[in-house]
Every structure is written in C-alpha cells, then in structure tokens.
Amino acid sequence: MTVDEVIAAASAKTGLTDIGDHSVLDGLQRLLRAYGEEARFTERGSQMAHADLVNYMAVRMRIEGWLKEHPELLDSPIEKPLFVFGLPRTGTTLAINLLASDPARRSFMRWEAFEPTPPPQPEELHAGPRYQAMQDKTQMALKFMPHIAAIHYEDADSPTECQFLMTPSYCSQVYESQADIPSYRDWFLHEADYLPAFQHHKRTLQVLQQHAGGRWTLKNPWHPLYLDALNAVYPDAQLVMTHRDPADVVGSICSLIRHVRAIYSDDVDLIGIGRTFIDTFEIMIERAEAFRAKHGADAIYDVQYADVMRDPIGTVRGIYERFGDPFTSEAEAAMRAYMADNQQGKHGKHSYDLAEFGLDKNEVRERFEAYIERHDIPVSSA
C-alpha cells in the first residue's frame, strides 16, 4: 500500500477526510517501506498489518471529525493525569489495574483504542456493542492463543497501554513489537518527533471524557523513551516508574515479542530480538535518568516490582500518598475485589529461557549494573 491508499481506504470506512496533523505521515511512509522491504511477513501477516494501518487512520479521522463537530472539547482540561511506566514486564499491568479499580479514576480501555467515537456514556464503559465486540475478540484470542494470554491478557474494558493513543500517529512501539523492521526502529528511537503523537493522545482523551470523565490514569511501559514530549503536553502529569531485575525483564519481554511476531511472520529472529530489545532498554533507562537530571530526582516516583507482588494494595496506597491523593475506602474495596478475582497465573504460567535469545542472566545484569545499583533493585541469586 501507499500512504494515499491508506488514507483512501480509511476515508471509505469513515466517510471522512481530515487527518489532522500531516506530519504523522512521515512515520506511516516509513512503516510502509519497512513492511515491504524488511518485515518478512506471511501473506496473512501482511494483510493484517496493513489493515491495522488503515484502521488506525480511520480512528484518527473519527477523532478529528468529532472535534470538528465539538470544538469546545479542545478546551476541556486533562488535570494531573497519572502515568505508570517502566521497562516492560515490571508490574505495570497489575499497578494500572489496581489504580483503575478506583471509581474516581478514568482509564483508557482496550475497546476504546479501536472504536473511540462516539465517546461513551458512563454506562457504556463496561457494556454495549463496542465493548462486546472487543470482548468476543479477546475470548477468541484466549481460546486460540492461550500462550499469549498467559503472558499478557486484557478484557475489553481492561486499561490498555496508551501507546494505542499513539498508533494513529504511526509513532508507537506497537509496530516494532509486531515486526522486525530495523529502519522504522532506528527512526522511532533516534529521529522521530514524539510531540505530534502526544498531541493526538491528548485530543483523544478530550473526546473520550466528554460524557465519562475522571482522573485519567494511564499505562505504557515505553514512556521512558519520550518523557520530554509527554511532559510538554501534560506538564502536571504524575509519573510512576516500576523496576524489576533486568534479567527477568529481558527474558519476559523477548518471549512476548517472539509470540507476537509469530502471528505475522514464520521467520522470527530470536537472537535479533534479544540484541535489539536489550539495546532499547538501555536507551529507555538513559532517557529516564536524563529526565530526572532535568526536572529533579523526585520528578518520577519509583516502585519496585517485588513490592507490587508482595503487597500490591500497600504499594498502590504509597502512590496515593506520594501525590497527596485520598485513598478512599471505596477505592481500597474495589482493589481488593480485583485482587480476589485476578490471582497471578489465572490465564496460565509464563515460562521463558534467555538462552533462546542468545543471552544469559549474568550478561544482562552486567549490562544494567549501574541501573540496578542506582535503584536498589532486588536481584535473585539464580
């Protein structure tokens, strides 16, 4: 496909033409080139990946169309949004699910990532045709891809990663998770301007909160890559970073990437996954530390994965205390109900072997020794 063909296909789906900021087409052009020259897709994988590009463009058009009809929404504030991030597989999912249990908070739900307009009424957040259509898909995935559900599972109304607020800007780690596309990866990590993606991120939240608001509480493990752009768009954001033994982090994310890429390709380079993602994690850590150096050591509140697992409610209570937010009895009751219904391993056990990716624990820990020491991260003796 070409850029024009993606736009035309999305326009045919939506009846709309306005895509907003045209600068995002740079990322789309790079994706299309990388898909054609590097991705090693199967025929079915190529069809799915290109269909995603059209669907994300359609989402973008619908957001722009809704804002054209309701321009007053651009004046609606997003006050003190809380962002949970960290290296992937460090407890961000459990933390965001507990936080999202608080009835005073508003999370970005999985179904909203794909059908955000019209913005939901409060009763539509957890019910209705759009919710049900996504829930049917999640149940199908649970049935036919249980190995992925064991690693990471979301219901239709689970808080999903807000990098899906960046996919319509074609500037998101989602794309590298799905395919081995070195040219796009290099652009994404070293050249991309993340600001337009966060501006669209905010425009979408302003639409979604039209009828169903609350304190936005969001999660994306990859946010350390672009904290400066996040801060430019959300200057009063509350930032929480989770930390875990890098040897476990690298093994877990490499396993997840392996299984996701296998959906699109039958030629998955495991050694390449190990090499590129360990490099990406070093960049993430460097940028997070640079952000602290610029904004102060307390600009980010740090949470240990070990604490999230040992005392999840107490750890989340600490987040509330750090930012001076009331930890209500309603919030605590909802969090305890969530824990009771979502014990670890509910969808199966995730096992992985670093050696499959050309790595070993000692090598990984040596690469991240300064990070481990700086944040006093517990490391197992194994």
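The values are calculated or read from the model by the stated rules, or taken from the named source; none is laboratory data. Keep in mind that what you see is a predicted model, and the values were worked out from it rather than measured. All Cβ positions, even for glycine, are placed from backbone atoms using ideal geometry, and neighbour counts span all protein chains on display. Side chains included, ligands, DNA and RNA excluded: accessible areas come from the protein's heavy atoms. Shrake-Rupley method; radii C 1.70, N 1.55, O 1.52, S 1.80 Å.
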Checklist outcome for this item: Among the residues of the range 177-203, the number that are open to solvent by 30 Å² or more (accessible area, probe 1.4 Å) and closer than 23 Å to Glu282 by Cα is 9
Next on the checklist: Among the listed residues Pro71, Pro103, Pro77, identify the single one that is under 26 Å from Asp325 (Cα atoms) and free of Cβ contacts under 8 Å to residues at least 12 places away in the same chain.
Outcome noted: Pro77
Item to check | Met339 vs. criteria over 17 Å from Arg185 (Cβ atoms), in contact with a strand residue (DSSP E or B) (Cβ under 7 Å, 6 or more places away or on another chain) and of a type in the set (A, V, I, L, M) | outcome: no
Checklist outcome for this item: Scanning the range 319-337 residue by residue, those farther than 24 Å from Val249 by Cβ and part of a helix (DSSP H, G or I) turn out to be Tyr320, Glu321, Phe323, Ser329, Glu330, Ala331, Glu332, Ala333, Ala334, Met335, Arg336, Ala337
Checklist entry - Looking at this structure, is Asp236 part of a helix (DSSP H, G or I), under 23 Å from the mean Cα position of the chain (by Cα) and either of a type in the set (Asp, Glu) or on the phi > 0 side of the Ramachandran plot (or both)? => result no
Item to check | Selected residue [closer than 23 Å to Ala95 by Cβ, open to solvent by less than 40 Å² (accessible area, probe 1.4 Å), modelled with pLDDT under 95 and not β-branched (Val, Ile, Thr)] from Ala212, Ala156, Ala229 | outcome: Ala156
Item to check | Looking only at the range 70-106, and only at residues there that are modelled with pLDDT of 95 or more, in contact with a Phe, Trp or Tyr (Cβ under 8 Å, 6 or more places away or on another chain) and assigned to a loop (DSSP other than H, G, I, E, B), the one that is least open to solvent (accessible area, probe 1.4 Å) | outcome: Pro81
Item to check | Selection count where residues are open to solvent by less than 50 Å² (accessible area, probe 1.4 Å) and part of a helix (DSSP H, G or I), scope the range 268-297 | outcome: 16
Checklist entry - Are any residues in the range 239-267 under 21 Å from Arg374 (Cα atoms) and open to solvent by less than 30 Å² (accessible area, probe 1.4 Å), and if so, which ones? => result Leu239, Val240, Met241, Thr242, His243, Asp245, Pro246, Ala247, Val249, Val250
Next on the checklist: It is to be established whether one or more residues within the range 307-315 are in contact with a strand residue (DSSP E or B) (Cβ under 9 Å, 6 or more places away or on another chain) and crowded, with 18+ Cβ neighbours inside 10 Å.
Outcome noted: yes
Checklist entry - Can you spot a residue in the range 44-56 that is surrounded by 22 or more Cβ atoms within 10 Å (Cβ to Cβ), assigned to a loop (DSSP other than H, G, I, E, B) and not hydroxyl-bearing (Ser, Thr, Tyr)? => result no
Next on the checklist: Being out of contact with any Pro (no Cβ under 7 Å at 6 or more places or on another chain), in a helix (DSSP H, G or I) and of a type in the set (S, T, N, Q) is the filter here; which residues of the range 15-43 pass it?
Outcome noted: Gln29
Checklist entry - Of Val250, Val308, Val268, which residue is closer than 30 Å to Ala334 by Cα, touching a residue at least 24 places away in the same chain (Cβ under 8 Å), in contact with a helix residue (DSSP H, G or I) (Cβ under 7 Å, 6 or more places away or on another chain) and of a type in the set (Val, Ile, Thr)? => result Val308
Checklist entry - Looking at the range 39-65, which of its residues are under 9 Å from Ala10 (Cα atoms) and free of Cβ contacts under 8 Å to residues at least 60 places away in the same chain? => result Val54, Asn55, Ala58, Met61
Item to check | Check on Glu356, touching a helix residue (DSSP H, G or I) at 6+ places or on another chain (Cβ under 8 Å), among the acidic types (Asp, Glu) and under 30 Å from Tyr234 (Cβ atoms) | outcome: no
Checklist entry - Of the residues Val260, Val316, Val250, which is touching a Leu at 6+ places or on another chain (Cβ under 9 Å), at pLDDT below 95 and either of a type outside the set (Phe, Trp, Tyr) or not in a loop (DSSP other than H, G, I, E, B) (or both)? => result Val250
Item to check | Count - residues of the range 1-38 that are within 17 Å of Gln178 (Cα to Cα) and free of Cβ contacts under 8 Å to residues at least 24 places away in the same chain | outcome: 1
